[in-house]
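Presented below is the structure to which this report refers.
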């Protein structure tokens, strides 16, 4: 779990690599483009290659298809591939690098959905 830390100037940040230093990709004051550019430059090739498969292997559903099921635009059936948070507050409180870190999700990963409409 990432440690919550403070930069020497008092800026809070999540120490994702647990080194006690606020790296550019951890710095909430920087523009998103700078943060996104910094992180891949630090990653080994093997980690980058592994992430190419990450979304498809874990999610198993295209975003549009998932949202169609969630919002009732199509029949929902199958198994939810991740926790579905119950509020934006839960999303903001969870750690993005810790799987299933949603304290009170609306639905847990593995929830079986069936819409018999």
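Here are the numbers for this structure:
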| item | result |
| --- | --- |
| Sorted by Cβ density within 10 Å, fewest first, the residues 9, 83 | 9, 83 |
| The stretch 1-42: C-alpha gyration tensor shape, a/c 1.5 cut-off, then a/b vs b/c | oblate |
| Residues 43, 22, 88, sorted so that the one with the fewest Cβ neighbours within 10 Å comes first | 88, 43, 22 |
| Estimated inter-spin distance, residue 48 and residue 107, nm [label 7 Å along Cα→Cβ] | 3.6 nm |
| Approximate spin-label separation residue 19-residue 95, in nm, with each point projected 7 Å along Cα-to-Cβ | 1.8 nm |
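We did not get these values from a lab; they are worked out from the coordinates using the rules stated. Just so we're clear, the structure is a prediction, and the values are computed from it rather than from any experiment. Reconstructed Cβ throughout: ideal geometry from the backbone, glycine too, with neighbour counts over all protein chains shown.
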